[in-house]
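The values are calculated or read from the model by the stated rules, or taken from the named source; none is laboratory data. Keep in mind it's a predicted model, so treat the numbers as computed, not measured. Methodologically, a virtual Cβ is constructed for each residue, glycine included, from the backbone with ideal geometry; neighbour enumeration extends over all protein chains shown. Accessible surface is based on the protein model in full, side chains and every heavy atom, while ligands, DNA and RNA are left aside. Shrake-Rupley method; radii C 1.70, N 1.55, O 1.52, S 1.80 Å.
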Amino acid sequence: MKTIFKSAACLSFLLALAACQQFQIDTQMTPEKEAASIRLECDALESYTISATNPQAVSFKVASTTPWTISRSDNADWLAVSPASSSVSSLSADISVTAVENTTLEDRSVTLTLTGENTEAAYTIIITQNRAGKLYVQPVDDQFAAAGGTLPFTIETNIAWEARSSEQWLTLSETSGMGDGSVMTLEATATENTSIARKATVTVTAGEDTETFEVTQKGMSLDILPVEDPTIDRKGGELLIGVDATIDWKVESSNDWFTAEKTADGMIKVSAPWNNAFAPKTTTITLLPTSSAYGDIKSEVEITQAINFKFEGNYEVLEDGSIKISSGAKSKVTTLDNYRYATMTLKFGEVHFGEKAELWAVTAASGCNIYNQLSLGGNMRVRQDGNLPNSGKSTYKNEYHSGITQDVLNAMTEYRFEVLPEITPEEGYDNVWWHVVNFWINGEINTTLNFRSVYEDDPTAEGAYWFGFYNTTSDDTWYIVKSCDMIAHEE
């Protein structure tokens, strides 16, 4: 149990106690009272560390009412304690612990133990001396300006040392020397930086000790600032990105789907239309200097755009973002958003329509469907069926068309399905009719039809658009759709 003596109150107590012992005789003194009156106090710390060269003395006080002794854990002749004991009671003693220079390559330590007669009080004090060549480095504590300059750092050792810079643009005032244990101040000098910020590492070695520190120098900044949400809305939009640059710059996009341009206030504006592919679109936006004098410096950020569709049935999204739809009941692609009046345009890649192949383009709203069914060996028609949700009036209508052959389908590169609004009040009704331009193949219109509006009783309703298969065929029909564009029409 250690008690540290630090206050004047303790010294006052001991003085008073000594006075009592000198001028008063306690005729009732018992062994118990005598033991209780013994005090041993010390204000030393639990441990001290001293340098190898020119070690400073460690000092502390001992106050006691009983003889005391300071013993050592070994016979270390490099350490001296004075005084090391007191044969009589001593009110207060100043203790000095001194060490000689440590010329070895290992740290060394001694444990001092302070004890007194007739008391269990005891103190342990650990004295550690660093090994020869112990290296201390205080690194450069600032950043170099782009214009260059000089900054200090310090080395402390008592043996030969070396210092090296990892980069040519940073030089040191001294690169080697013999330490004497004192603190040496060196200088690091940086040349002018005409490029972006740069770093160098300074390595200092003394014997087996090595210390390193990193220095940085400001430069010509060319950085894209952190982007909290690096995405563009799947339905199209733009994203503004901040720039930190001290030189003229330009911006590039790795994907032509995205447009990247410099704004008048020095930001990057990235734009993209409605994502018509079946996989997310991605681009790398690259910030570059306009002058080649700055070398290959650049800053980049990746921007993505999510898809506008959901899939079911037999499908495969291909690496280029197109989709392969194969024969199967309800193998289809549906838009995530609903529309009232819209044009859906499909661009085809490779196609394989069999003898019973089918392609459906459908919009479904308020319980009614309008669809174009291209079904070889079956119906070729445009159809509306269902009832208006509020009045219960039937909207059924079926229009057939011909001239669509297997060869026509296998030569198809573009298909368009349109539902357009047209104000055509029927006698006795004030409603909106559907003007259906259904459908276009390879840019040529095949059918134009009018259907009753399924919205006449529900002006806020919208329809889901989809394309693909409705039935299962057995002739290995499949087609690759490269893109699907949706254009909503105002009423």
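Filter the range 461-491 down to the residues that are buried (at least 19 other Cβ atoms within 10 Å of the Cβ), among the β-branched types (Val, Ile, Thr) and over 39 Å from the mean Cα position of the chain (by Cα) and list them by number.
THR473, THR477
So which of SER173, SER109 ends up being touching a Leu at 6+ places or on another chain (Cβ under 6 Å) and without any contact (Cβ under 8 Å) to a residue 40 or more places away in the chain?
Only one candidate qualifies: SER173.
Among the residues of the range 269-285, write down those that are open to solvent by 20 Å² or more (accessible area, probe 1.4 Å) and of a type in the set (Gly, Ala, Ser).
SER271, ALA279
Tell me which residues, restricted to the range 147-171, are closer than 28 Å to ALA52 by Cβ and either assigned to a loop (DSSP other than H, G, I, E, B) or open to solvent by 30 Å² or more (accessible area, probe 1.4 Å) (or both).
Answer for the range 147-171, where residues must be closer than 28 Å to ALA52 by Cβ and either assigned to a loop (DSSP other than H, G, I, E, B) or open to solvent by 30 Å² or more (accessible area, probe 1.4 Å) (or both): PRO152, THR154, GLU156, THR157, ASN158, ILE159, ALA160, GLU162, ARG164, SER165.
Could you go through the range 13-35 and let me know if any residue there is in a loop (DSSP other than H, G, I, E, B), at pLDDT below 90, under 53 Å from the mean Cα position of the chain (by Cα) and surrounded by fewer than 18 Cβ atoms within 10 Å (Cβ to Cβ). Walk me through it before giving the result.
Let us first name the residues in the range 13-35 that are in a loop (DSSP other than H, G, I, E, B), namely 24-30.
Filter again for at pLDDT below 90, leaving 24-30.
Of the ones still in play, those that are also under 53 Å from the mean Cα position of the chain (by Cα) are none.
No: zero hits.
Residue check: is ASP223 touching a Leu at 6+ places or on another chain (Cβ under 9 Å), more than 19 Å from ASP320 (Cα to Cα) and either among the small types (Gly, Ala, Ser) or modelled with pLDDT under 95 (or both)?
Answer is yes for this residue.
What strands (runs of 3 or more DSSP E) lie completely within the range 286-366 and have 2 or more residues being hydrophobic (A, V, I, L, M, F, W, C), buried (at least 18 other Cβ atoms within 10 Å of the Cβ) and touching a Pro at 6+ places or on another chain (Cβ under 8 Å)?
299-305
Restricting attention to the range 222-231, does a residue exist that is touching a Pro at 6+ places or on another chain (Cβ under 7 Å), surrounded by 16 or more Cβ atoms within 10 Å (Cβ to Cβ) and of a type in the set (A, V, I, L, M, F, W, C)?
The answer is yes, given that some residue of the range 222-231 is touching a Pro at 6+ places or on another chain (Cβ under 7 Å), surrounded by 16 or more Cβ atoms within 10 Å (Cβ to Cβ) and of a type in the set (A, V, I, L, M, F, W, C).
So the check is Cβ under 7 Å with 6+ separation or different chains; which pairs have a first residue in the range 186-211 that's on the phi > 0 side of the Ramachandran plot and a second one that's open to solvent by 10 Å² or more (accessible area, probe 1.4 Å) and not charged (D, E, K, R)?
GLY207/LEU105; GLY207/ILE159
Among the residues that make up the range 401-408, is at least one of them modelled with pLDDT of 85 or more, surrounded by 13 or more Cβ atoms within 10 Å (Cβ to Cβ), part of a loop (DSSP other than H, G, I, E, B) and at negative phi?
yes
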